[in-house]
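The values are calculated or read from the model by the stated rules, or taken from the named source; none is laboratory data. What you see is a predicted model; the values in this text were computed from it and never measured. Cβ sites come from the backbone with ideal geometry, for glycine too, and all protein chains shown count toward neighbours.
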Amino acid sequence: MTRADELSLTYKKLVLDVITELIRLINKSKIKSKNNDCKVIKVNVFDYTELGLFDNKLTFFDKDGLHYSLFCDCEIEDLIDILITKY
């Protein structure tokens, strides 16, 4: 296995770990979305106000309830910043 392969696997594991932790936090949350019938955590990333599971996918919601893909604007560093603010 090359060094590049090792780094690629490490990155994929990091992304999976971050996503798994975000899902865990959402499932533990007692907050319901203002606009959707799902559990969310409050976030302050770009124009997003909530992060929740919608159709079994991590989804950002803005103040109007519009849905955005997890990696639409965010990178892994932004997701890690969300986790940092939750601990």
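Worth pointing out:
- Failed condition for T20, given (1) surrounded by 11 or more Cβ atoms within 10 Å (Cβ to Cβ); (2) under 11 Å from the mean Cα position of the chain (by Cα); (3) of a type outside the set (A, V, I, L, M, F, W, C): (1)
- Odd one out for Y87 among (1) more than 15 Å from I26 (Cα to Cα); (2) modelled with pLDDT under 95: (1)
- Top-ranked residue in region 62-71 [being part of a loop (DSSP other than H, G, I, E, B) and in contact with a strand residue (DSSP E or B) (Cβ under 7 Å, 6 or more places away or on another chain); ranked as surrounded by the most Cβ atoms within 10 Å (Cβ to Cβ)]: L70
- Per this entry, V43 is not counted among residues that are part of a helix (DSSP H, G or I), modelled with pLDDT of 95 or more, surrounded by 14 or more Cβ atoms within 10 Å (Cβ to Cβ) and within 14 Å of the chain's Cα centre (by Cα).
- Scan of region 49-60 for residues that are touching a residue at least 12 places away in the same chain (Cβ under 8 Å) and over 11 Å from the mean Cα position of the chain (by Cα), ordered by number: T49, F54
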